[in-house]
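S.K.: A single structure is presented below for examination.
The values are calculated or read from the model by the stated rules, or taken from the named source; none is laboratory data. Being a predicted model, the structure only gives us computed values, none of them experimental. A quick note on method: Cβ atoms are made from the backbone with ideal geometry, for glycine too, and the neighbour counts reach across all protein chains shown.
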Amino acid sequence: MEYQAAPARLSTLDANFEHDFAQRLHWSADTDAAIEQRVADILADVQKRGDAAVLEYTARFDGLQVDGMTALELTQAELKAAFDSLGDEQRDALTAAAQRVRTYHEAQKRASGESWSYRDADGTLLGQKVTPLDRVGIYVPGGKAAYPSSVLMNAIPAHVAGVQEIIMVVPTPRGEKNALVLAAAYVAGVTRGFTIGGAQAVAALAYGTATIPKVDKITGPGNAYVASAKKRVFGTVGIDMIAGPSEILVLADGSTPPDWVAMDLFSQAEHDELAQSILLCPDADYIAAVQREIDRLLPEMPRRAIIAKSLSDRGALILTRDMQEACAISNRIAPEHLEVSSSNPHQWEPLLRHAGAIFLGAYTSESLGDYCAGPNHVLPTSGTARFSSPLGVYDFQKRSSLIEVSEQGAQSLGRIASVLAHGEGLQGHARAAEMRLK
């Protein structure tokens, strides 16, 4: 069967560009009502019946029938055995990727994750105390594919932040465990692991069961059921984000081999049919060359059916007036992954304000960021890069304000507080401040 990938060909010079551009970008984050109701029922059941409900749903959805929760827990010995079972090539690649991710997040912690304080002239101390969360849960997708990289990207920053307990949940349909995922858990410092998934796993982490401890925050991607469950338990626990389909935006000046760019577009389109791949370029001939490479390369891709539908339904090759306009449109999109495929990427980087991750230069393929460059690959999607950030050490820490007012400081601050408290009609506040005045 032949597949054709026909991304929309748009130009900012066209009169109807804004309409066509908006149509291509539109994606609804609304979850199907039936999924929402099913998830609500599962959460309530796990909250009420705990382990028994988790076992029942694991049998129903994953085809994994066991006698008790002990059979679903991954021991440290099992994780180490999985690591030891890997071939040299896989073991070395996993270790190298983990070290790069750890090094990056250790630098991130040094830059932004330390406590600080200062004293006013009157001796008053003000500051901020940074402490790690006690216990977090990381959700690792399983079923259609295995994602050891998700283990590294979620567990390592939590470990670097100082989280003492990292609980991993990963579905293993029919009991099929992936050695690379378990080995990644060993390398990344996962404390405990359970072979459960779906909304029931999110519920177990959020509410706790007799076997699975309640966590403070849940991170990691999943399907529509997982996303809906995370949204519903937010407030009971923290969550990282509600992730939409994966995205890549390539800003190209025409200097990169067009087959490289075509394959970079494929790298996101192959995730699923809703993924979005967009090229912005001021060179019409180059855009045509990229389309020819798409046509040439598609037949050899194992996931060509998914790529073809993704590019045809949501992809776009957009001709711009110049690179400055391409940067402006990029800021409107606020993509998850942004490649600046240019001979001088640093010329354009200052113009780019909104993106989950920015990949500079022709040799910086997005896939390197997914696996081993070092920065986190859990990134904001669907335009949320306008106001949110990649997963990082800071997501596994919390901040407490430090205030120690000296006797002298209480004299000036007390008078200020008294005036403002009386203005708000809160006499108790005012009198508490006034009692400390000489």
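S.K.: Of everything in the range 331-375, what is farther than 12 Å from Val250 by Cα and of a type in the set (Phe, Trp, Tyr)? Give them in sequence order.
M.R.: Within the range 331-375, Trp348, Tyr363, Tyr371 qualify.
S.K.: Given the structure, is Ala8 surrounded by 12 or more Cβ atoms within 10 Å (Cβ to Cβ), in contact with a Gly (Cβ under 8 Å, 6 or more places away or on another chain) and not β-branched (Val, Ile, Thr)? Break it down stepwise before answering.
M.R.: On the way: surrounded by 12 or more Cβ atoms within 10 Å (Cβ to Cβ): yes; in contact with a Gly (Cβ under 8 Å, 6 or more places away or on another chain): yes; not β-branched (Val, Ile, Thr): yes.
Considered against the rule, which asks whether it is surrounded by 12 or more Cβ atoms within 10 Å (Cβ to Cβ), in contact with a Gly (Cβ under 8 Å, 6 or more places away or on another chain) and not β-branched (Val, Ile, Thr), Ala8 comes out as yes.
S.K.: If Val405 meets every condition in (1) crowded, with 18+ Cβ neighbours inside 10 Å; (2) free of Cβ contacts under 8 Å to residues at least 12 places away in the same chain apart from one, which number is that one?
M.R.: Every condition holds for Val405 apart from (2).
S.K.: Test of understanding: among Gly383, Gly423, Gly414, which residue is closer than 30 Å to Pro132 by Cα and either in contact (Cβ under 8 Å) with a residue 24 or more places away in the chain or outside the structural domain of Leu274 (by TED's automatic domain parsing) (or both)?
M.R.: Matching residue, one of Gly383, Gly423, Gly414: Gly383.
S.K.: Right, something else. Checking Val393 against (1) surrounded by 14 or more Cβ atoms within 10 Å (Cβ to Cβ); (2) in contact with a strand residue (DSSP E or B) (Cβ under 8 Å, 6 or more places away or on another chain): exactly one of these is not met. Which one?
M.R.: It is condition (2) that Val393 fails.
S.K.: Which ones in the range 388-416 are of a type outside the set (A, V, I, L, M) and closer than 30 Å to Pro148 by Cβ?
M.R.: Ser388, Ser389, Pro390, Gly392, Tyr394, Asp395, Phe396, Gln397, Lys398
S.K.: Right, here's the next one. Looking only at strands (runs of 3 or more DSSP E) that fall completely inside the range 102-203, which ones have 2 or more residues that are of a type in the set (Ser, Thr, Tyr)?
M.R.: Details: elements: 116-119, 125-132, 135-139, 165-169, 192-194.
Qualifying strands (runs of 3 or more DSSP E): 116-119.
S.K.: I'm trying to understand the selection: among the residues of the range 58-95, which are among the polar types (S, T, N, Q) and within 29 Å of Leu43 (Cβ to Cβ)? Break it down into steps so the answer makes sense when it comes.
M.R.: Going through the range 58-95, the residues among the polar types (S, T, N, Q) turn out to be 58, 65, 70, 75-76, 85, 90, 95.
Across the range 58-95, the qualifying residues are Thr58, Gln65, Thr70, Thr75.
S.K.: Which numbered condition trips up Thr103, out of (1) surrounded by 14 or more Cβ atoms within 10 Å (Cβ to Cβ); (2) farther than 30 Å from Arg304 by Cα; (3) touching a residue at least 24 places away in the same chain (Cβ under 8 Å)?
M.R.: (1)
A quick yes/no check of all residues on (1) surrounded by fewer than 24 Cβ atoms within 10 Å (Cβ to Cβ); (2) modelled with pLDDT of 95 or more; (3) among the polar types (S, T, N, Q); (4) farther than 30 Å from Asn154 by Cβ:
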| position | (1), (2), (3), (4) |
| --- | --- |
| Phe234 | yes, yes, no, no |
| Ile239 | yes, yes, no, no |
| Asp272 | yes, no, no, no |
| Glu293 | yes, yes, no, yes |
| Arg296 | yes, yes, no, yes |
| Glu325 | yes, yes, no, yes |
| Asn344 | yes, yes, yes, yes |
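S.K.: Restricting to the range 399-419, count the residues that are touching an Asp or Glu at 6+ places or on another chain (Cβ under 9 Å) and within 30 Å of Met153 (Cα to Cα).
M.R.: Adding up the residues that qualify gives 0.
S.K.: Tell me, which residue of the range 364-385 that is more than 14 Å from the chain's Cα centre (by Cα) and not in a loop (DSSP other than H, G, I, E, B) is farthest from Ile278 (Cα to Cα)?
M.R.: Out of the qualifying residues, it is Leu368.
S.K.: Out of (1) within 30 Å of Glu339 (Cα to Cα); (2) surrounded by 15 or more Cβ atoms within 10 Å (Cβ to Cβ), the odd one out for Phe387 is which?
M.R.: Here Phe387 meets the rest and fails (2).
S.K.: Taking helices (runs of 4 or more DSSP H) that do not extend beyond the range 1-89, which have at least 2 residues that are closer than 22 Å to Arg232 by Cα and of a type in the set (Asp, Glu)?
M.R.: 33-49, 51-62
S.K.: Within the range 386-438, work out how many residues are within 45 Å of the chain's Cα centre (by Cα), of a type in the set (A, V, I, L, M, F, W, C) and part of a loop (DSSP other than H, G, I, E, B).
M.R.: The number of residues fulfilling the criteria is 4.
S.K.: Quick check, is Ala77 of a type in the set (A, V, I, L, M), surrounded by fewer than 15 Cβ atoms within 10 Å (Cβ to Cβ) and either within 30 Å of Tyr225 (Cβ to Cβ) or under 22 Å from the mean Cα position of the chain (by Cα) (or both)?
M.R.: no
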